[in-house]
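What follows is a single structure, written as structure tokens, with notes after it.
The values are calculated or read from the model by the stated rules, or taken from the named source; none is laboratory data. If you're wondering where the values come from, they're calculated on a predicted model, not measured in any experiment. As a convention, Cβ positions derive from the backbone with ideal geometry for all residues, glycine included, and neighbour counts pool all protein chains shown.
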Amino acid sequence: MRAMGTDLSSSIEKVAAWSLARDPAYCSDLVLRQAKLLVLDSIGCALAAIDAGEMSKVVNLATELAGPPEATIIGGGKVSVLNAILANGALVRVLDLNDIMFTPSDGHLVVGGHRSDNIPVALAIGERLGSTGADVLDAIIIGYELYGRLRALTHYPNPFDGTSVSGLVAAAMAGRLMGLDCERQAHALALGACRSLTPRIVRKGKLSAAKSLANTLIAQSGVQGALLAAKGVTGPLEILDSHDVGLQDFLDRSGPMDSLWAPAPARPEILDAHVKSYPCIGTAQTAVQAALDAGRRLNGRIGEIERIEVFMADLPFVRDQQADGDRRFPRSREAADHSFTFLPAVALVDGELTIRQFQNERWNEPALQELMGRVSLQIAPELNQQAPDSMPCRLRVVLRNGEDRTAECLYPPGHSGPSGLDASVVRSKFLNVSQPVLSFQKCEQVVGAVMGLNGTGSIETLMGLLRP
């Protein structure tokens, strides 16, 4: 390996140096509070998934492979750090209940990823190393920032899934916690990037379990890259700069590459992370809220519905999702929680949208399918102006006698405003989704441990609460 002290000539070396630097902007009280709330929400998502059971096979595999007891599977025992990342990443993601971010691309808003997918990286590496809670939060904040900077250099549509950036992000988070020097950190990022590109099919068409596993498999590789770099293994440092054999089909080199190592912005990326109120795709959160609001005014008159009109923001991303025929009448859980027809229909019928609405393959019920057939998906450009930083929705239920019930949701409850997330919303959601698995007393202990992370010694106190 090249001697330290030489100039940082490649982009990935500059990103590495940035990812190891300390900037006060990333440790303000507001930013730290936001990070803790996102950790709490992610743990709640994982606990809810244990009860739901969709990822039990992944957890079982991680437990069977086991390895040295380095890190905790949420709700389970201790396994190797890579197996903990596999299991916890799957648990956090599978219910489509973890955070969502929106980001501008080519002049319009697109989904900017579920960056809490990588929180299990910081928890596992932090536990393996005995890191402080403050250091774990620090790695998470940097991970959110780098994820956003990389996504800003991608274009929509892209042949590769947005989770592909996590190869670099996970390596950067792990290397920062491991205390790698700049040179080894650069090789960690390069090794992580080598295994990161994932085709967009994981989130299109007939959705499969790969949707929930995509990020955790990439994150595993990123962390493995950091572990290898720590041993002196090297990666291709030109991977961000090559115009023919690097990441040119994923990253848009016409954009400002130096944005990847720029100083902290006035508003760090993590402050724009939104918590989902409902276990479904982020672009449907407002549609579900509007359906619930309209349903309360129907007084049980579901059988009288003539049609349901769903108006959404006029955005290429939304149009693309509306046109996906496999989601209109879903055939799997993964497709159902992405379905703009099933979600408002079942919310109207049941008066709620929780993980219970996905049990027993509700999307196959004849009555629900008949109601889904009455849903029309439309766009309303004026919604863009009303909520330019959200995915707003207006829903109109028309009855056979001509009456209608209209509800509009511009911002769902978990939307992060100027002061970040509403702590009461996050805490309430955590208690609701976690109590089927943990007692109320244990839930309160977890809340206390998370919210005290920046004042504790080791992360072990929190992780110990998450074992049976």
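The criterion of being outside the structural domain of residue 140 (by TED's automatic domain parsing) and small (Gly, Ala, Ser) does not hold for residue 455. The condition (being charged (D, E, K, R), in a helix (DSSP H, G or I) and assigned by TED's automatic domain parsing to the domain that holds residue 111) is satisfied by just one residue among 293, 258, 249: 258.
Which one is surrounded by the fewest Cβ atoms within 10 Å (Cβ to Cβ), of the residues in the range 132-166 that are in contact with a strand residue (DSSP E or B) (Cβ under 7 Å, 6 or more places away or on another chain) and of a type in the set (Ser, Thr, Tyr)? Applying the filter and picking the extreme gives 156.
Out of the residues in the range 108-130 that are surrounded by 22 or more Cβ atoms within 10 Å (Cβ to Cβ) and part of a loop (DSSP other than H, G, I, E, B), state the one that is nearest to the chain's Cα centre (by Cα). That would be 114. Which is over 18 Å from residue 174 (Cβ atoms), of a type in the set (A, V, I, L, M, F, W, C) and at pLDDT 95 or above, of 219, 209, 214? Only one candidate qualifies: 214.
Please verify whether the range 283-295 includes one or more residues that are among the hydrophobic types (A, V, I, L, M, F, W, C), surrounded by fewer than 24 Cβ atoms within 10 Å (Cβ to Cβ) and farther than 25 Å from residue 427 by Cβ. Scanning the range 283-295 turns up at least one residue that is among the hydrophobic types (A, V, I, L, M, F, W, C), surrounded by fewer than 24 Cβ atoms within 10 Å (Cβ to Cβ) and farther than 25 Å from residue 427 by Cβ.
For the range 332-417, the helices (runs of 4 or more DSSP H) that sit wholly inside it and include 3 or more residues that are surrounded by fewer than 20 Cβ atoms within 10 Å (Cβ to Cβ) are 366-372, 381-386. Against the condition outside the structural domain of residue 197 (by TED's automatic domain parsing), closer than 28 Å to residue 157 by Cα and assigned to a strand (DSSP E or B), how does residue 329 come out, does it pass? Criteria not met by residue 329. Counting only helices (runs of 4 or more DSSP H) that sit wholly inside the range 1-107, those with at least 2 residues that are in contact with a helix residue (DSSP H, G or I) (Cβ under 9 Å, 6 or more places away or on another chain) and of a type in the set (D, E, K, R) are 11-20, 29-52. Annotation: of all residues in the range 433-444 being in a helix (DSSP H, G or I) and touching a residue at least 24 places away in the same chain (Cβ under 8 Å), the one that is nearest to residue 95 (Cα to Cα) is 433.
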